[in-house]
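Engineer: Here you go, one structure.
The values are calculated or read from the model by the stated rules, or taken from the named source; none is laboratory data. If you're wondering where the values come from, they're calculated on a predicted model, not measured in any experiment. FYI the Cβ positions are ideal-geometry reconstructions off the backbone, even for glycines, and counts take in every protein chain you see.
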Amino acid sequence: MSVRRLAPPELQPASFAFTGENLVWAKREIAKYPEGRQASAVIPLLWRAQEQAGGWTSRKAIEYVADLLDMAPIRVLEVATFYTMFQLAPVGRKAHVQWCGTTPCLLRGGEEIRKVCQQRIHHEQFHVSADGDFSWEEVECLGACVNAPMVLIGSDTYEDLTKESFGKVLDDIAAGRKPKPGPQIDRHFGAPAGGPTTLTSVKA
């Protein structure tokens, strides 16, 4: 497990508070738990705070969630720094790419996808591109091994990638278009490429 620390002070915002809509949502989430167990809502509240803040979790967001849940800030900090789903520094405005670097993806050309990240975004992970629109990181298995190589962007996976098709995904996002998630080849979810290969006929 890598060491995870909050972004330096110069990158931290001066304050954080949920929007009115998100505060209503947060109170509804907290109410799902019995009295004295409100801390169980810490992960969904941190996740919503990260979404509101543009994809990363600041010190002020952690302190805000701690106050809502009547938790010591260090306890919320422990959660935020343990789970890699929480980004602890600013990410790209348009997309943060999570590139799967585990064996199935690498065996099917994942290294080429990493090279696109390095060339198009930044040579090093956890750095924002020069235009501020993109960032990337290497992650462990994202659970779409049959459709390797793949990346996760936001809540969408993009699978069966080549360097060309991944470049097209980035082009679409950069232009403000929504690329089609899922397999980028002729495949339905995890079904065989090109369609079914067995049980294709029905006996009388």
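Engineer: Taking the conditions exactly as written (over 21 Å from ARG4 (Cα atoms), free of Cβ contacts under 8 Å to residues at least 24 places away in the same chain and surrounded by 19 or more Cβ atoms within 10 Å (Cβ to Cβ)), does CYS105 satisfy them or not?
Structural biologist: Criteria not met by CYS105.
Engineer: Mind counting the residues in segment 131-153 that are part of a strand (DSSP E or B) and closer than 10 Å to ALA95 by Cβ?
Structural biologist: Result for segment 131-153: 5.
Engineer: Let me ask something additional. From ALA130, ALA66, grab the single residue that is in the same structural domain as ARG28 (by TED's automatic domain parsing) and under 20 Å from GLY54 (Cα atoms).
Structural biologist: On inspection, the qualifying residue turns out to be ALA66.
Here is a yes/no grid of residues against (1) under 23 Å from HIS96 (Cβ atoms); (2) surrounded by 18 or more Cβ atoms within 10 Å (Cβ to Cβ); (3) among the hydroxyl-bearing types (Ser, Thr, Tyr); (4) under 18 Å from the mean Cα position of the chain (by Cα):
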| residue | (1), (2), (3), (4) |
| --- | --- |
| ALA7 | yes, no, no, yes |
| LEU11 | yes, no, no, no |
| PHE16 | yes, yes, no, no |
| THR19 | yes, no, yes, no |
| ALA49 | yes, yes, no, yes |
| VAL65 | yes, yes, no, no |
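Engineer: Considering each residue of segment 145-183, count those that are of a type in the set (A, V, I, L, M), under 17 Å from the mean Cα position of the chain (by Cα) and closer than 13 Å to LEU106 by Cα, and give that number.
Structural biologist: The number of residues fulfilling the criteria is 2.
Engineer: If you check ALA49, ALA39, which single one turns out to be under 30 Å from ASP172 (Cβ atoms), free of Cβ contacts under 8 Å to residues at least 40 places away in the same chain, assigned to a helix (DSSP H, G or I) and of a type in the set (A, V, I, L, M)?
Structural biologist: Exactly one residue qualifies, and that residue is ALA49.
Engineer: Can you name the residue in segment 71-85 that is modelled with pLDDT under 95 and assigned to a loop (DSSP other than H, G, I, E, B) and, of all such residues, is nearest to the chain's Cα centre (by Cα)?
Structural biologist: Filtering first and then ranking leaves MET85.
Engineer: Also, quick follow-up: Checking the condition surrounded by 12 or more Cβ atoms within 10 Å (Cβ to Cβ), under 25 Å from GLN52 (Cβ atoms) and in contact with a helix residue (DSSP H, G or I) (Cβ under 8 Å, 6 or more places away or on another chain), which residue from LEU170, LEU142 passes?
Structural biologist: Just one listed residue meets the conditions, LEU170.
Engineer: Being among the acidic types (Asp, Glu), surrounded by fewer than 17 Cβ atoms within 10 Å (Cβ to Cβ) and more than 23 Å from ASP171 (Cβ to Cβ) narrows it down to one of GLU112, GLU78, so name that one.
Structural biologist: GLU78
Engineer: Going through segment 90-102 one residue at a time, which ones are surrounded by 18 or more Cβ atoms within 10 Å (Cβ to Cβ) and not β-branched (Val, Ile, Thr)?
Structural biologist: Result: PRO90, GLY92, LYS94, ALA95, HIS96, GLN98, TRP99, CYS100, GLY101.
Engineer: Output the number of the condition that GLY55 fails; it satisfies all remaining conditions of (1) in contact with a Ser or Thr (Cβ under 9 Å, 6 or more places away or on another chain); (2) crowded, with 17+ Cβ neighbours inside 10 Å; (3) not in a loop (DSSP other than H, G, I, E, B).
Structural biologist: The one condition GLY55 does not meet is (3).
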